[in-house]
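This structure is in structure tokens; I'll ask about it shortly.
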Amino acid sequence: TPTGTWGVIRDITARKQVERDLRESEARYRDLLESSLQAVMVFQGMHIVYANRAAVAGSGFTEAELKAFSPAAILRRVHPQDRHKFQEILHHHLDGTSPSEKYSMRMLHRDGATLWVDARLTAIQFQGNPAFMVTMIDVSEIRKIDAALRENARTLQTIINAPDALVFLLDPQA
């Protein structure tokens, strides 16, 4: 007949605190990504496994539609003149030979509009598997303004350099 009991008691307070801290950290990171103005997408192989709100808004597709894209559908969202460059960048990232650099390229919105984006691809681990994260920002308006400023500078330089030009500056309010 048994005359007693035997047991082991282990203090798991520290482990529970670490788990709680990890959940809070993940929630903060998720909130940060979802509130970012930069489009963020995570690829595993050639499949989108995550897209934040800015990526959804900037592409015109829902997150579910983006995740369902085939590799060919992803490539069709890249401007035809930039597809070869995009494929080279992806190839180097998939084989691990490319550093995280900024790239400029044109993407196609769902409505067919061309968007200039600055993008950075970074190798990461996502849900325990190798992946790469793409962060993008739409720089279309910046490029338009820059082009207009360059054109204005050329026009002014042409006027200034004209040997027999007579320049008048008129105030339309006067």
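Looking only at the range 93-102, decide whether some residue is hydrophobic (A, V, I, L, M, F, W, C) and under 30 Å from Glu26 (Cα atoms). Before you say what the answer is, go through the steps one by one.
Our first condition is that a residue be hydrophobic (A, V, I, L, M, F, W, C); within the range 93-102, this holds for 94.
Among the residues that remain, those that are also under 30 Å from Glu26 (Cα atoms) are: 94.
Yes, the range 93-102 contains at least one residue that is hydrophobic (A, V, I, L, M, F, W, C) and under 30 Å from Glu26 (Cα atoms).
Can I ask one more? Suppose the filter is of a type in the set (S, T, N, Q), surrounded by fewer than 12 Cβ atoms within 10 Å (Cβ to Cβ) and over 30 Å from Glu26 (Cα atoms); does Thr155 pass it? Before the answer, list the steps.
Values: of a type in the set (S, T, N, Q): yes; surrounded by fewer than 12 Cβ atoms within 10 Å (Cβ to Cβ): yes; over 30 Å from Glu26 (Cα atoms): yes.
Against the criterion (of a type in the set (S, T, N, Q), surrounded by fewer than 12 Cβ atoms within 10 Å (Cβ to Cβ) and over 30 Å from Glu26 (Cα atoms)), Thr155 qualifies.
Cβ contacts < 8 Å: first residue more than 15 Å from Met105 (Cα to Cα), restricted to the range 55-78; second residue of a type in the set (Lys, Arg) and surrounded by 13 or more Cβ atoms within 10 Å (Cβ to Cβ), any location; separation 6+ or different chain. Result?
Listed by first residue and then by second, the contacts come to Phe69/Arg77.
Also, I was wondering about something else. When you look at Val18, is it among the β-branched types (Val, Ile, Thr) and either open to solvent by 70 Å² or more (accessible area, probe 1.4 Å) or part of a helix (DSSP H, G or I) (or both), yes or no?
Answer is yes for this residue.
Determine whether Val78 is in contact with a helix residue (DSSP H, G or I) (Cβ under 7 Å, 6 or more places away or on another chain), open to solvent by less than 70 Å² (accessible area, probe 1.4 Å) and closer than 21 Å to Asn129 by Cβ.
no
Among Pro130, Pro163, which is the only one that is open to solvent by 50 Å² or more (accessible area, probe 1.4 Å) and within 19 Å of Lys67 (Cα to Cα)?
Pro130
Let me ask something else. Can you work out which of the residues in the range 82-116 that are in contact (Cβ under 8 Å) with a residue 40 or more places away in the chain and closer than 21 Å to Tyr50 by Cβ is most open to solvent (accessible area, probe 1.4 Å)?
Filtering first and then ranking leaves Arg110.
With respect to the numbered conditions (1) closer than 22 Å to Val139 by Cα; (2) under 14 Å from the mean Cα position of the chain (by Cα), which one is the sole condition not fulfilled by Gln87?
Of (1) closer than 22 Å to Val139 by Cα; (2) under 14 Å from the mean Cα position of the chain (by Cα), only one is false for Gln87: (2).
For every residue, the table says whether it meets (1) of a type in the set (A, V, I, L, M, F, W, C); (2) at pLDDT 95 or above; (3) loosely packed, with under 15 Cβ neighbours inside 10 Å.
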residue	(1), (2), (3)
Glu24	no, no, yes
Arg28	no, no, yes
Leu32	yes, no, yes
Leu37	yes, no, yes
Gly45	no, no, yes
Glu65	no, yes, no
Pro71	no, no, yes
Ile74	yes, no, no
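The values are calculated or read from the model by the stated rules, or taken from the named source; none is laboratory data. Keep in mind the model is a prediction, meaning the values are calculated, not measured. Here Cβ is always computed from backbone atoms with ideal geometry, including for glycine, and neighbour counts include all displayed protein chains. The area values use the complete protein model at the heavy-atom level, side chains included, leaving out ligands, DNA and RNA. Shrake-Rupley method; radii C 1.70, N 1.55, O 1.52, S 1.80 Å.
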